[in-house]
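Comments concern the structure below.
Please treat every number below as a calculation from the coordinates, not as lab data. Here the structure is a predicted model, which means the values were calculated and not measured. Heads up, the Cβs are rebuilt from the backbone with ideal geometry, glycines too, and the neighbour counts pull from every protein chain shown.
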Amino acid sequence: MDTALRDRLQRTIALLGEEKAAKVFNASVMVIGCGAVGGYALEMIARLGFGKIWAVDFDVFEASNINRQILATTETIGRQKCEVACERVAAINPDAAGVALNMRIEPGQLDFIDEAKPDFVIDAIDDVPAKTALAAFLVRKDIRFVSAMGAALKTRPELLRVTALDKTEGCALAKKMRENLRREDVNLRRVRCVYSPEKVKICKDEAGNNILGSLPMVPAAMGSLLAAEILRQVLA
């Protein structure tokens, strides 16, 4: 480890010790979804010093993202999320290998993960069919991962929990994932996730249409817990 890298990560090394810190530095993580939750997860993964990080996202930043997405600023509006994410990784830890993948996750088109061979995957997407297919794929390929459940319409980060999918309660997205994955014959105990049992607050826009109201605290806390779960798996 060169001097610059050691200087940047000295507090991590001090807490984890040389041997455990080396496991982190030598591990790779693929972050799928670089929006509200995924952006914060990527931030923590980069600051922990993981050696290779893939940022996977098809979307661009919009002004409405700024209230809750750490990578969204007035300067990144209109830019690809995956590219901004990799620039952020490089700014934090230039020794990390950052790979931007501008793509939408689609069922039946997940072999790129197997080809990339990440040690760990963070699932921070909200498209239910894609999310279901991704979890099933990762379990069957025996790739270690953690999945984010619903963060919108919630206000209390202190209620977040980390558990297996079969132990979740009070989260509509987790319930739908359980139903879908049971039909796929996936062992739910192998799907680690971060979720909140908090009852959602229904929000409407000026026209009376439902809107996914969101605050920055819950996505930030959920992203941090996703990264913490990956760290736990690395050091297990």
Considering only residues that are touching a residue at least 60 places away in the same chain (Cβ under 8 Å) and not polar (S, T, N, Q), which ones fall in the stretch 51-85? 52, 54, 68, 70
Could you check, for the stretch 154-176, whether at least one of its residues is touching a Ser or Thr at 6+ places or on another chain (Cβ under 7 Å) and farther than 28 Å from residue 53 by Cβ? yes
